[in-house]
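**Q** Here it is, the structure, as structure tokens.
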Amino acid sequence: MKLWEGRFDAPTAADADAFNESLSFDKKLWRADITASVAHATMLGKCGIISDEESAAICEGLKGIYADIEAGKLAVEGQEDIHSFVENELVARIGQVGKKLHTARSRNDQVATDFRLYARASADRAIEALKAIISALLARAKETVKYIMPGFTHLRKAQPVNCAQYFNAYSEMFLRDLDRFSALRKRMNVMPLGSAALAGTSYPIDREVTREMLGFDSISQNSLDAVSDRDFVAEYLFCASLAMAHLSRLCEDTILYTSDEFGYWVIPDAYSTGSSIMPQKKNPDIPELVRGKTGRVYGHLMAILTTIKGIPLAYNKDLQEDKEPFFDAETTLESCLAIYTALVSQLSFNVNAMYEAAGEGYATATDVADYLAKRGVPFRDAHAITGKLVRYCIEHGKTLPSLTLEEFRAASPVFEEDVLTAVTTRASAEGRNSVGGSSTEAAKAGIASIRKRLKQY
Ligand code: ARG
């Protein structure tokens, strides 16, 4: 039965029904819908809007529906939306009194409340998933703090870096995501229930009762805004998009670093796939898929931003389009974070290959320039002298660490014996002891700092 059919002479066309319905996807809100209805019915009783007996009967009926859906005994189907489903089922179970549930309420404030309850739990799960990936990255950082790997800019070897510092960089990104999701959780935890269709209600409701029962921090202060505000959906999708962007960068690094061409890391067999034709192949399908799925999450963000643009106050049916993008994004984000937490935990490292590669490409040239600058040569001149030395190496097929003191001194008399140890790969990384830098000490401090900040969530 439709909740609104009284006004109509003829039934809706079958294709209009099919087009309009939302139960096929908003059934995901069933827990939130019943929980919010129990709170609403309790409040109606407490405020004397319905009798205590009526309130008790409604709550009992609702709890029975909840238990039956949970147990798989009741299929959620056959109605326009989740709100119609629950109300009709209630009336079928407890009779006429069930029809009092919707007093002082509209589906407009109902769906806004249900969705916030649902999205709040989604934000909590995103927070847990982010904590898990940061913990996995921290574990890898701890194990690899002795290792040196090439650091890149423009995808050209730039300077040697500490492996732990590399993993810490991703932890920093995910910590910001964590912070964004917890800020979003706070901002969204405002209750629209009690706004009714758009203008509030003339019944003597007490919104504090429902707020308290549903665990909201506060109640909305404008009914027109409350029924049509979907900022929290857009914000969730933005937070999810940025987390996916970070994950996608980690995927790209994984794909590159585990390739034969780079050969720094080894992707676990358990998280690789083969080719149906090329027997030798070990493909990074998981990182590629995660990288690819980033696109659909961005797409969902664009969809909601476009949907809410230009909607006149207050509720319009356009807003039903808020749910599917959200549901797909949360599933995508959670599955990608989970699979990558597992994959990162099982990466192994070609320690020597990483170290050797870190010294290639004249990656310690900055250290040569710094050597001169620290001994009084203006940095710009030191840069030019070192540039000439690099050219000399290229022409003579040499590396900076393989140059003799004579060759260094031919470029500048400032060079002394100790330049020969200053240009090694390890000395280069260890020398960068600034906060957040590539020395072992700085990387260890990075781990401790991340661990401390993680505890705050
Ligand atoms: N399925 C609707 C939605 O998701 C529920 C609210 C319906 N309200 C209305 N006035 N038709 O937005």
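**Q** Between Glu321 and Glu208, what length comes free when the chain is fully extended (0.36 nm per residue of separation minus the Cα-Cα distance, one decimal in nm)?
**A** 37.7 nm is the gain from fully extending Glu321 to Glu208.
**Q** Counting helices only, and only those DSSP H runs with n ≥ 4, report the 222 nm mean residue ellipticity of the chain as the sum of -39,500 (n - 2.57) divided by its residues, in deg cm²/dmol to the nearest 500.
**A** Roughly -20000 deg cm²/dmol at 222 nm, from the helical runs in the chain.
**Q** Could you compute the FRET efficiency for His396 and Glu356, with r as their C-beta to C-beta distance and R0 at 30 Å, rounded to 0.05?
**A** For His396 and Glu356, the calculated efficiency is 0.90.
**Q** Where in segment 14-63 are there trypsin sites (Lys or Arg not before Pro) that are in a DSSP coil and have at most 14 other Cβ atoms within 10 angstrom of their Cβ?
**A** The qualifying sites: there are none.
**Q** Can you give me the long-range amide H partners of Ile219? Hydrogens built in the peptide plane at 1.01 Å from N, cutoff under 5 Å, separation of 5 or more residues or another chain.
**A** Met191
**Q** A follow-up question, please. Whole angstrom only: what separates the Cα centroid of segment 301-330 from the Cα centroid of segment 160-235?
**A** Centre-to-centre distance over Cα atoms comes out at 16 Å.
**Q** While we're looking at this one, here's another question. Once you've got the Cα coordinates, tell me which of Lys73/Lys317; Lys28/Lys63; Lys131/Lys444; Lys142/Lys455 are over 21 Å apart.
**A** Table pairs above 21 Å Cα-Cα are Lys73/Lys317.
**Q** Taking the 0 to 90 degree range and rounding to the nearest ten, how far is the long axis of helix 365-374 tilted relative to the main principal axis of the chain, both from C-alpha atoms?
**A** Computed tilt is about 70 degrees.
**Q** While we're here: Quick query: amide H of Asn283 versus all other amide H atoms, modeled in the peptide plane; which residues come in under 5 Å with a sequence gap of 5 or more or a different chain?
**A** The list, which skips near neighbours in sequence, is Thr273, Gly274.
**Q** Once you order the gyration tensor axes a ≥ b ≥ c over the Cα atoms, which shape class does segment 184-272 get: rounded for a/c under 1.5, otherwise prolate or oblate by comparing a/b with b/c?
**A** prolate
**Q** Once phi is turned into ³J(HN,Hα) by the Karplus curve 6.51 cos²θ - 1.76 cosθ + 1.60 with θ = phi - 60°, what whole-Hz value does each residue of segment 141-154 show in order, with x for glycine and proline?
**A** Rounded to whole hertz, the list is 4, 4, 6, 10, 5, 8, 8, 10, 9, x, x, 10, 10, 6.
**Q** Taking the Cα centroid of segment 245-280 and of segment 346-410, what is the distance between the two, rounded to the nearest whole Å?
**A** With segment 245-280 and segment 346-410 each reduced to a Cα centre, they are spaced 30 Å.
**Q** Out of every Cα-Cα pair in segment 191-241, what percent are more than 12 Å apart?
**A** 66 percent
**Q** Taking θ as phi - 60°, what are the ³J(HN,Hα) couplings along segment 357-364 by the Karplus curve (6.51, -1.76, 1.60), each to the nearest whole Hz, with x for Gly and Pro?
**A** 4, 5, x, 6, x, 6, 5, 9
**Q** What value does the chain have for Rg/Rh, both radii from Cα atoms and Rh as Kirkwood defines it?
**A** Taking Rh as the inverse mean 1/r over Cα pairs, Rg/Rh reads 1.16.
**Q** Something else now. Compute the distance from the alpha-carbon center of segment 414-432 to that of segment 1-69, in whole Å.
**A** Measuring centre to centre over Cα atoms gives 73 Å.
**Q** Moving to a separate point now. When you have a sec, figure out the Kirkwood radius of segment 40-157 from all distinct Cα pair distances and drop it here in Å to one decimal?
**A** 18.5 Å
**Q** Here is a follow-up. Given charges of +1 on the Cβ of Lys and Arg and -1 on the Cβ of Asp and Glu, with all other atoms neutral, how large is the dipole of the chain about its Cα centre, in debye to the nearest 20?
**A** 1240 debye
**Q** I would also like to ask the following. Let me check I have the definition right: for segment 366-420, take the eigenvalues of the Cα gyration tensor, multiply each by 5, take square roots. What are those semi-axes in whole Å, largest first?
**A** Each semi-axis is the square root of five times an eigenvalue, giving 17, 12, 9 Å.
**Q** Also, I was wondering about something else. For segment 1-79, just say rounded, prolate or oblate: build the C-alpha gyration tensor, square-root its eigenvalues into a ≥ b ≥ c, call rounded for a/c under 1.5, and beyond that prolate if a/b exceeds b/c, oblate if not.
**A** Oblate is the answer for segment 1-79, as a/c is 1.5 or above yet b/c matches or exceeds a/b.
**Q** So, one more: Which ³J(HN,Hα) values, rounded to whole Hz and listed in residue order, are derived for segment 30-42 from phi using the Karplus coefficients 6.51, -1.76 and 1.60 in 6.51 cos²θ - 1.76 cosθ + 1.60 with θ = phi - 60°, glycine and proline given as x?
**A** 4, 5, 4, 5, 5, 4, 5, 5, 4, 5, 5, 5, 4
**Q** Still on this structure, I have one more. Are there chymotrypsin sites (Phe, Trp or Tyr not before Pro) in segment 157-186 that DSSP marks as loop and that have at most 12 other Cβ atoms within 10 Å, and which are they?
**A** none
Rule-based calculations on the coordinates, nothing more; no lab input. None of these values were measured; they are calculated from a predicted model. Neighbour counts are summed over all protein chains in view; Cβ atoms, including those assigned to glycine, are modelled from backbone coordinates with ideal geometry.
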